[in-house]
Amino acid sequence: EFARETGLRLSEMDYLRHAGIDRDDRTITIFGKGEKVRTVPLSTFAETIIDRQPRYIGKPYVFWKGKGAPITGLSSRIGGYMRRVSRKAAQQGEEFHAFSIHDLRHLFAVEYLRKGKGSIYDLQGEMGHDSITTTERYLAFLTPDQAKVARFAVSQKATQEPRSEGVAS
């Protein structure tokens, strides 16, 4: 849910610290790929997800395991699970399309543009892409009208409401 709602990389979520969450400004500051610092909006739904996480006293991480250590190795565990589910589905003659946690980041990007949350350039900043070319690949999943809006839209950063249709549970 958090990956889909924020567009963060798994490694960015693994090491997300409570100190990086500014509830007054409604932002999350993270150390991204290549140790680059960036700030992304904190939606109401993302805040709800954070609030559901128990806090480990004396440790900085939002998502943790054991004695407050950052969660690591999640991608390979999910990959193993997907392979097992795919095998079982194939044995039962069912279709299952495996996905990775990173696919939720891609879904965030496509939904961001489809919903007109901002321009392709706003999305580039939120995703932490060095090159606009990397971000432009998401235009392929839009209608021509949506792509036009994404290229020329004026950001609506004042609204930081839920970006996905997720419902806090």
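The values are calculated or read from the model by the stated rules, or taken from the named source; none is laboratory data. This structure is a prediction, so every number in the text was calculated from the model and none was measured. No Cβ is skipped: glycine too gets one built from the backbone with ideal geometry, and neighbour counts run over all protein chains shown. In case anyone asks, the SASA skips ligands and DNA or RNA and just uses the protein heavy atoms, side chains included. Shrake-Rupley method; radii C 1.70, N 1.55, O 1.52, S 1.80 Å.
State whether the residues of region 61-74 include one that is modelled with pLDDT under 95, of a type in the set (Lys, Arg) and in contact with a Gly (Cβ under 7 Å, 6 or more places away or on another chain). There is no residue in region 61-74 that is modelled with pLDDT under 95, of a type in the set (Lys, Arg) and in contact with a Gly (Cβ under 7 Å, 6 or more places away or on another chain).
Residues in region 37-66 that are among the aliphatic types (A, V, I, L, M), more than 21 Å from ARG105 (Cβ to Cβ) and touching a helix residue (DSSP H, G or I) at 6+ places or on another chain (Cβ under 8 Å): none. Output yes when any residue across region 17-24 is closer than 26 Å to PHE99 by Cβ and among the hydrophobic types (A, V, I, L, M, F, W, C), and no when none is. No, region 17-24 has no match at all. For ARG17, indicate whether it is surrounded by 14 or more Cβ atoms within 10 Å (Cβ to Cβ) and under 30 Å from LYS148 (Cβ atoms). Against the criterion (surrounded by 14 or more Cβ atoms within 10 Å (Cβ to Cβ) and under 30 Å from LYS148 (Cβ atoms)), ARG17 does not qualify.
What number of residues within region 124-161 are touching a strand residue (DSSP E or B) at 6+ places or on another chain (Cβ under 7 Å) and at pLDDT 95 or above? So the count comes out to 0.
Could you pull out the residue among ILE30, ILE49, ILE78 that is part of a helix (DSSP H, G or I), open to solvent by less than 50 Å² (accessible area, probe 1.4 Å), at pLDDT below 95 and within 28 Å of ARG137 (Cβ to Cβ)? Give the steps one after another, and end with the answer.
Details: ILE30 fails: part of a helix (DSSP H, G or I); ILE49 fails: at pLDDT below 95.
The unique qualifying residue is ILE78.
All of GLY79, GLY68, GLY7 fail the test of being out of contact with any Leu (no Cβ under 6 Å at 6 or more places or on another chain), under 28 Å from PHE152 (Cβ atoms) and in contact (Cβ under 8 Å) with a residue 12 or more places away in the chain, apart from GLY7.
What do you reckon, is GLU35 acidic (Asp, Glu), under 30 Å from THR143 (Cβ atoms) and open to solvent by 90 Å² or more (accessible area, probe 1.4 Å)? Talk me through it step by step, then tell me what you get.
Details: acidic (Asp, Glu): yes; under 30 Å from THR143 (Cβ atoms): no; open to solvent by 90 Å² or more (accessible area, probe 1.4 Å): yes.
It is false that GLU35 is acidic (Asp, Glu), under 30 Å from THR143 (Cβ atoms) and open to solvent by 90 Å² or more (accessible area, probe 1.4 Å).
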